[in-house]
Each structure stands twice: as structure tokens, then as C-alpha cells.
Amino acid sequence: MTTAPDDLLETLTRLDQQLSDAVHDTLDDDRVRALGDDELLALTRVVESLGRRIDALRIAAAGQVDNRSRSELGEDRLCARNGCINAVDLLCRVTGVSAVTARARARYARATGGRATLTGQSLPAPFPAVAAALTSGVIGVDSIAAIISVLGPITDRCHPAQLAAAETELVAAATGTGPDGAPPCTADDTRLQAKVWELILDPDGTLPKDQHAARNRGLHFGHENGGLVPVNGNILTEVYEQFRLLYDAHTNPRVQDRTRGEAVAFRENVDSADAGEDVPPDPRTRAQKMHDVFATILHVAARSTETPTIGGAPPAVIVTINADDLNRDNGVAFLNGTNCTVPAFVARHTACNAGTQHMIVADNGRIIQLGTPNRTFTTQQRRAIIARDGECAIPGCHMPATWCEIHHVTPHAKGGPTHTDNGVPLCWWHHRTIDTSGWEIRIINGIPEIRAPRNLDPTRTWHPTTGSLHRAQNRLRQRLAKQREPATPRTG
């Protein structure tokens, strides 16, 4: 029995109101929290089933909006008659979803909906098994995406019968209806199985896939908002793998320690005995660590002699700040060429970084001072400090000193010299937060010492930094020498 359009809208509107009332009553009375474990899991399954049926309607509706907004319809396009650029624009405005979601729904509709040729002939859906599972609500959007995104690009290079067999097998695995009686696969498992089918059906597809990836590589940077710039895009697999290895190498102490060989034993023995406190935990999330490693890579590249120059000089970000703001905690600096602002401490630390310069201006805009190379540590000074300290001066941070910025212990603005006796290596993050984190650094007789924040060490005791294998070796030798000293004989 076919339902008339008016009856369909009336039925769905009534269901929407009933579902709205049920959801409101359930959440308002906090009934979900009161459920037992078995009831909670049963509710989760029912809600997911409802969601899948709603998704089927969403995809069907998006498919019709997409079909009626085809470019060949000209000004009669549905999107054009509603003042929108295309179907995605119209779907976003009608539903409030993101462009990514709108495109995905239209793409799923093209894969699971029937088609018509220019002569009006009806064609079956490209993926009929997926379409049937979607309509019956036994497969979710994530599983649909897993199958279509993998099999879709190879349809023109595979025999239709083999492609249909792969689709049927994947749907059966996703829904738990296979002959082996296995339970339903998750969407991630379905994608993995689809990848295996891809290798079987299209063994020569690696080259076309690589060419497609090369064409679609790219990074996009949005507009600054609240001190952040959004980034999105696609990078080639080998580029990501290189970045991942760099990330692992500079955030995993065990990875780094293995590269140092047996000499690590000296530092580990001394660290545990001389540090006087546990290594503080790193509060950063994995995403924040990735950001900081990326920032470090950019600063290292800016210092590299292999990096091309701009106007005969290394590429350097210029941070402009008013003279009165330079030493104020709430001072504000500006990034040259943008309307973006940064805290004053960023300008203060640029004196240590060859990839950035700061420019101090008077109230009338006159340039008072421009950071020059003699405010940054020379290559020879960097090498000496790297050899002396080994890694970031903050305990527990094993960022190699070669990747660190060299920090003026006594700020240059306060008379601190650009000298090895006034510089320590700090990773990008600890350098950026050294004024606010509570860590304190001093250098006594050329040896860096560090004091932890009060919440980590209530005694505020100064300790030598522990990154240098040479100092660790010497301290261990001194300890062994004391153990070998003969005991003083007792008298009386």
C-alpha cells in the first residue's frame, strides 16, 4: 500500500511529536540513570535502531534535494529557487547540519538510491545490498560509509559480479547475518574487511590511488579566532608517517633512551638518587603534544641553514610590542602582517629564538629597538649548551637539546648576556610557559639548576639539571668513590 505524500508528512509529523514527548519525559525525569545495566543496554540498542531508521529518511530526503538541484536543471534547480548555491548549501540551511554531513548524506543517497537516465529509464542503486540494509535499519551510517568509501572508487575497475559479491559479504558481516554465525562487525572492522576486498578485487589499484592522493593533498588554514587558527586538509600517508615518527621520537622517553645506548644507565641511576622528587606528569593531551612537536619542527626549520632566505635573511616572525607593555604581565604584542595579538611573554622570549624577532616601539610608533642576531645564541654557543645539557632543562621532558630553543636565564632586557653561562635549552612548550608554570632556573658556576613549582616540591629545593650524561657520569663516579672509602675506625 502506497502512502500519499500528504499522509506521509502527517504520519511523520505525528511520530516526531510523539518521539519528542517521549524523549523529553525520559530525559526530564532522568529515567536513563535509573535503569539497570541490562535495561540500559537494551535502551541503547533500541535508540540506535531508531536512529538508523531516521538516518535512512535523512539520506532519502537529501538524495531528492540533491537530485532536484542538478546543474542541468538551470534556474529550475531546487537550490536556485530557494536562493542557495547548490544542494549542500540548501541542506545546510534547511537542517542546520555542517557541509560535511550534508555532502555525506547526498553521497550515500547516490550510492543507495535508484537512478534515472536522460531518457527516463530507471536504473538500480549502485549498492543494492547496502540500500536494503539501510532501509530495514540493520546497518548504520558508519558502516555504510565504510563500504561505500572503499568499494565506490573501484567500481569501474572491477567485474560487477565480483563487486556485488564483496558488497553482499560486507553487509552480511556488518549485520551479523553471515553463514558463519559471527556477531555483527563494528564499522571499523567493516572498513578493514572492505580494504581486504579492495586488495583482492583491484590488486593494481595502488598506483591510481596514489595518483588520486597526490592530486588531493593539501593543507588549509582558516582565520584566527581566540588565538587559534583552524587547520584542515589531507597529507600523504608517508608524510604523516614521518611526522608520527618525529612525534614519537620526541615525546616518548623510552624511544629516545634506546638511541643513547648504555650511557643512559648513568643518567637513570643519578636521576633517581639526586632528583629528590618524582618526575612531574605531563599535563598535555596527545593533541597538544602533537601541536608542540609541530611548532618545534617549524622553529628548527627556521634555524636551518638549508631553509631558503627571504630578502637575503632567514624567515623570521616579527613580534611588535610597545615599550611599556614589554615587561608587564598583561602586556599585549602584535604579529607583524596580521591583526593577531599575543601575550607580552611571547615577545620577551623571541630574544632567544632565531626564528622570531621582536620590535619595540614607542607610543608614537617610533621603532626603539629591533631584535638582532646578537640577541640570539650563535651556532657555536648552541652547540656548547647542547653538549652540556643534553635535553630540555625541565625534569621529565626528554626533548633533545638540538630541538630546543635556548632560553636566557636572566632576560636580555634585564641585562642578561647572550652567553653559555646564561642559556639553557627549553622545548617550545616549556619555553613558552616558563614565566607562568612556576619552574625557576638559575646557573651557578656554569651549571644549570632548577627548582620545581611549590605544588610539586613544597621545599622549593634547587637541583642540578639531569639531562647531561657527563654530569650524571661524574656524580655516579663520586658516589662510587665514597662507597669505596674505608670506614673510619671507632675510638674508645
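The values are calculated or read from the model by the stated rules, or taken from the named source; none is laboratory data. In this text, all values refer to a predicted model and were calculated from it rather than measured experimentally. Neighbour counts are summed over all protein chains in view; Cβ atoms, including those assigned to glycine, are modelled from backbone coordinates with ideal geometry. Note: accessible area is taken over every heavy atom of the protein model, side chains too, but ligands, DNA and RNA are not part of it. Shrake-Rupley method; radii C 1.70, N 1.55, O 1.52, S 1.80 Å.
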Matching entry among Ala131, Ala146 (being crowded, with 17+ Cβ neighbours inside 10 Å, in contact (Cβ under 8 Å) with a residue 40 or more places away in the chain, hydrophobic (A, V, I, L, M, F, W, C) and assigned to a helix (DSSP H, G or I)): Ala146
Please verify whether Ala182 is surrounded by fewer than 16 Cβ atoms within 10 Å (Cβ to Cβ), on the phi < 0 side of the Ramachandran plot and either touching a helix residue (DSSP H, G or I) at 6+ places or on another chain (Cβ under 8 Å) or of a type in the set (A, V, I, L, M, F, W, C) (or both), treating the condition exactly as stated. yes
Which residue is farthest from Glu391 (Cα to Cα), if the candidates are limited to the stretch 443-458 and must be surrounded by 14 or more Cβ atoms within 10 Å (Cβ to Cβ) and in contact with a helix residue (DSSP H, G or I) (Cβ under 9 Å, 6 or more places away or on another chain)? Ile443
Among residues belonging to the stretch 406-442 that are touching an Asp or Glu at 6+ places or on another chain (Cβ under 8 Å) and open to solvent by less than 70 Å² (accessible area, probe 1.4 Å), point out the one that is modelled with the lowest pLDDT. Trp428
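Looking at the structure I just gave you, is Ala104 open to solvent by less than 80 Å² (accessible area, probe 1.4 Å), modelled with pLDDT of 90 or more and either outside any helix (DSSP H, G or I) or of a type in the set (A, V, I, L, M) (or both)? Walk me through how you get there before you give the answer.
On the way: open to solvent by less than 80 Å² (accessible area, probe 1.4 Å): yes; modelled with pLDDT of 90 or more: yes; either outside any helix (DSSP H, G or I) or of a type in the set (A, V, I, L, M) (or both): yes.
Yes.
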Of the numbered conditions (1) more than 29 Å from Ala401 (Cβ to Cβ); (2) at pLDDT below 70; (3) among the hydrophobic types (A, V, I, L, M, F, W, C), Phe334 satisfies every one except a single condition; which is it? (2)
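Let's see how each residue does on (1) modelled with pLDDT under 50; (2) open to solvent by 90 Å² or more (accessible area, probe 1.4 Å); (3) among the polar types (S, T, N, Q); (4) over 22 Å from the mean Cα position of the chain (by Cα):
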{"position": "Gly222", "(1), (2), (3), (4)": "no, no, no, no"}
{"position": "Asn232", "(1), (2), (3), (4)": "no, yes, yes, no"}
{"position": "Val239", "(1), (2), (3), (4)": "no, no, no, no"}
{"position": "Gln242", "(1), (2), (3), (4)": "no, yes, yes, no"}
{"position": "Thr259", "(1), (2), (3), (4)": "yes, yes, yes, yes"}
{"position": "Asn269", "(1), (2), (3), (4)": "yes, no, yes, yes"}
{"position": "Ser272", "(1), (2), (3), (4)": "yes, yes, yes, yes"}
{"position": "Pro280", "(1), (2), (3), (4)": "no, no, no, yes"}
{"position": "Val293", "(1), (2), (3), (4)": "no, no, no, no"}
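Could you list all residues from the stretch 406-427 that are among the β-branched types (Val, Ile, Thr) and within 14 Å of Ala387 (Cα to Cα)?
Scanning the stretch 406-427 gives Ile406, Thr420, Val424.
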